[in-house]
Amino acid sequence: MSDLTLYTHPHSRGVSISWMLEECQANYQVKLLQFHTSMKAPEYLALNPAGKVPTLTDGAVVISETAAILTYLADQYPERQLAPAVTSPQRGEYYKWLFFFCNQLEPALTNKKHAIIDVTDKMHFELGYASLDVIIQQYSQHLSQNRYLLGEQFTAADIQLTGLLVWANTFQDIIQLDQTLTDYVASNTQREAFVRAMQLNQDYTAKMQD
């Protein structure tokens, strides 16, 4: 039996972790949780006090937060080459993109989706992230000159970005992908591991509806 267990919901950021686990060819178990009920149960809150998914356990190790789980798995499966080596000069850029997406892109997307506030330039300065248009332009321009975020190497950072773009693109009022990003997403979502993860996600959805 695998020591890896993914706590997730088929309509959550856990989809990206499923994809990552398939890329790693990992042996893992899945425990499906419902929003507002089993995610708030005491036994799960003991693992993730925020009461949200995904959470990954590896024996006694407990990891929450999508970027942290992606980083952990990439390092646990170095043979899959989903992260540059620790000694590689690209390691810094890899970290930059991982944290850029969770600290800037995701908050900007969420704010746009829920129209929480009309963020002024001064507020962007205080919040620490730019407007969504500026953020998108940064990585779109980068990808117009690179196949992946780190050039020719597909990494966990690409899984993180692609997952966010696939989610956001389902809401046309949030984001419309330019040709560079459309091609980038199309290429990444043709990967065998992504296809397997989507099939598993359909199975999880059906199971939760039983």
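Does N188 satisfy the criteria of being modelled with pLDDT under 95 and closer than 27 Å to H11 by Cβ?
Here the answer is no, as N188 does not meet what is asked.
Return the residue satisfying two criteria in turn: it lies in the stretch 150-171 and is among the hydrophobic types (A, V, I, L, M, F, W, C) and over 19 Å from C24 (Cα atoms), and of such residues it is farthest from the chain's Cα centre (by Cα).
Across the stretch 150-171, the extreme among qualifying residues is F171.
Which residues, counting only those in the stretch 58-107, are in contact with a Lys or Arg (Cβ under 9 Å, 6 or more places away or on another chain), among the hydrophobic types (A, V, I, L, M, F, W, C) and over 21 Å from A193 (Cα atoms)?
A85
Pick from T189, T205: which is within 25 Å of Y7 (Cβ to Cβ), exposed (fewer than 14 other Cβ atoms within 10 Å of the Cβ) and either assigned by TED's automatic domain parsing to the domain that holds V30 or within 16 Å of the chain's Cα centre (by Cα) (or both)?
Within the list T189, T205, the selection yields T205.
Are any of the residues in the stretch 168-176 surrounded by 13 or more Cβ atoms within 10 Å (Cβ to Cβ), part of a loop (DSSP other than H, G, I, E, B) and at pLDDT 95 or above?
Among the residues of the stretch 168-176, not one is surrounded by 13 or more Cβ atoms within 10 Å (Cβ to Cβ), part of a loop (DSSP other than H, G, I, E, B) and at pLDDT 95 or above, which makes the answer no.
Considering only residues that are in a helix (DSSP H, G or I) and either touching a Lys or Arg at 6+ places or on another chain (Cβ under 6 Å) or closer than 19 Å to Y204 by Cα (or both), which ones fall in the stretch 1-43?
Filtering the stretch 1-43 for residues in a helix (DSSP H, G or I) gives 14-23, 38-40, 42-43.
Those that are in a helix (DSSP H, G or I) and either touching a Lys or Arg at 6+ places or on another chain (Cβ under 6 Å) or closer than 19 Å to Y204 by Cα (or both): G14, V15, S16, I17, S18, W19, M20, L21, E22, E23, S38, M39.
Tell me the residue from A83, A67, A108 that is under 19 Å from the mean Cα position of the chain (by Cα), part of a loop (DSSP other than H, G, I, E, B) and of a type outside the set (K, R), please.
A83
Kindly indicate whether any position in the stretch 51-70 is out of contact with any strand residue (DSSP E or B) (no Cβ under 9 Å at 6 or more places or on another chain), in contact (Cβ under 8 Å) with a residue 40 or more places away in the chain, of a type in the set (S, T, N, Q) and not assigned by TED's automatic domain parsing to the domain that holds E152.
Within the stretch 51-70, one or more residues are out of contact with any strand residue (DSSP E or B) (no Cβ under 9 Å at 6 or more places or on another chain), in contact (Cβ under 8 Å) with a residue 40 or more places away in the chain, of a type in the set (S, T, N, Q) and not assigned by TED's automatic domain parsing to the domain that holds E152.
Does L56 count as under 12 Å from the mean Cα position of the chain (by Cα), modelled with pLDDT of 95 or more and hydrophobic (A, V, I, L, M, F, W, C)?
On the way: under 12 Å from the mean Cα position of the chain (by Cα): no; modelled with pLDDT of 95 or more: yes; hydrophobic (A, V, I, L, M, F, W, C): yes.
Answer is no for this residue.
Name the single residue, out of those in the stretch 1-38 being within 17 Å of L164 (Cβ to Cβ) and of a type in the set (D, E, K, R), that is surrounded by the most Cβ atoms within 10 Å (Cβ to Cβ).
Checked the stretch 1-38; the qualifying residue surrounded by the most Cβ atoms within 10 Å (Cβ to Cβ) is E23.
The values are calculated or read from the model by the stated rules, or taken from the named source; none is laboratory data. This structure is a prediction, so every number in the text was calculated from the model and none was measured. When we count neighbours, we look across all protein chains shown, and the Cβ atoms used for this are built from the backbone with ideal geometry, even at glycine.
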